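Peer 1: Got a structure for you, written out below as structure tokens; questions coming shortly.
Rule-based calculations on the coordinates, nothing more; no lab input. Just so we're clear, the structure is a prediction, and the values are computed from it rather than from any experiment. Reconstructed Cβ throughout: ideal geometry from the backbone, glycine too, with neighbour counts over all protein chains shown.
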Amino acid sequence: MLKTTAFAALLLIAMPPMALAGKYHLGKIATTEDIRARDITILPDGSGLPQGAGTAKEGRTIYAQQCAMCHGFKGEGSGAYPKLVGGRGTLRSANPTLTVGSYWPYATTLWDYIHRAMPPQNPGSLSAHDIYSLAAFILFMNGIIKENDEINAKTLPAVKMPNRDGFIPDPRPDIKVVKPKSPK
């Protein structure tokens, strides 16, 4: 009885907005171009990465302006903002430190995350050059690349992250495991 009443109440709450949506012509049907503009997925093999390039040297200034206020000047994190640096060798310990350098399996994930979510007050506002430079600087701070190494759509997928082989595929028989293609 309670479930039926709850469902009826939910239906009554949801019906007016659904009925009014057509009347007020809210929203629009997404066009192919609308969908393409939102299709920003970057795969481990680098598929989807745009043109551009950057080095850690260039990324240092951008990081100081855009990232250090939350993540600390050395990537040490602060308050609600996570560490970006350190943690190698801690994943099997009682207190693992999950950072870009210790946990993330693919460098392309770093580019994708910065592009989608950073800076938090204005996500999506950084140029491809800025993102490549920031990714290079974060990889450099983690000792994964050198300061003058150029990161671009070809070199980023080739970066061997320390935990690349640290994930165990899902063993369930109904889950298809797709291994990423080799870097371009």
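Peer 1: May I ask you to sort LEU43, LEU126 by Cβ crowding, counting other Cβ atoms within 10 Å and putting the fewest first?
Peer 2: Starting with the residue having the fewest Cβ neighbours, the order is LEU43, LEU126.
Peer 1: Excluding PRO82 itself, calculate the net charge of residues whose Cβ lies under 15 Å from the Cβ of PRO82, where each Lys or Arg counts +1 and each Asp or Glu counts -1.
Peer 2: Working: positive: LYS74, LYS83; negative: GLU76.
Residues near PRO82 contribute +1 overall.
Peer 1: Could you derive backbone 3J(HN,Hα) for region 111-126 from the dihedral phi with the Karplus parameters 6.51, -1.76 and 1.60 (θ = phi - 60°), listing whole Hz in sequence and x where the residue is Gly or Pro?
Peer 2: Whole-Hz 3J(HN,Hα) from phi for region 111-126: 4, 4, 5, 4, 4, 6, 10, 10, x, x, 7, 7, x, x, 8, 7.
Peer 1: Also, quick follow-up: Can you give me the relative contact order of region 47-164 as a percent, contacts being Cα pairs under 8 Å and 6 or more apart? Provide the component values of the computation, followed by the final result.
Peer 2: Numbers: 210 pairs, mean separation 45.6, N = 118.
For region 47-164, the relative contact order is 39 percent.
Peer 1: May I ask you to evaluate 6.51 cos²θ - 1.76 cosθ + 1.60, the Karplus curve with θ = phi - 60°, for each residue of region 66-72 and list the ³J(HN,Hα) values in order in whole Hz, giving x for glycine and proline?
Peer 2: 10, 10, 4, 4, 9, 9, x
Peer 1: For region 30-116, which trypsin sites (Lys or Arg not before Pro) are in a loop by DSSP, counting at most 14 other Cβ atoms within 10 Å?
Peer 2: Sites meeting the loop and neighbour criteria: LYS74, ARG92.
Peer 1: Which log10 I(q)/I(0) values does region 47-164 give at q = 0.14, 0.19, 0.20, 0.21 Å⁻¹ under the Debye formula, counting every alpha carbon as one identical point scatterer?
Peer 2: Those come out to -0.52, -0.97, -1.08, -1.19, one per q.
Peer 1: Quick one: net charge around GLY166, please, counting Lys, Arg +1 and Asp, Glu -1 for every other residue with C-beta under 14 Å from its C-beta.
Peer 2: Value of the local net charge: +3.
Peer 1: Next question. For region 42-107, state the average projected area of the convex hull of the C-alpha atoms over all orientations, rounded to one decimal in nm². List each step's numbers first, then the result.
Peer 2: Numbers: hull surface 23.3 nm².
That works out to 5.8 nm², a quarter of the Cα hull's surface.
Peer 1: Further, regarding this structure: Placing unit charges on C-beta atoms (Lys and Arg positive, Asp and Glu negative, everything else neutral), compute the dipole magnitude of region 47-164 about its Cα centre in debye, rounded to 20. Working shown, then result.
Peer 2: Details: 11 positive and 7 negative charges, 75 e Å.
Around 360 debye, computed over region 47-164.
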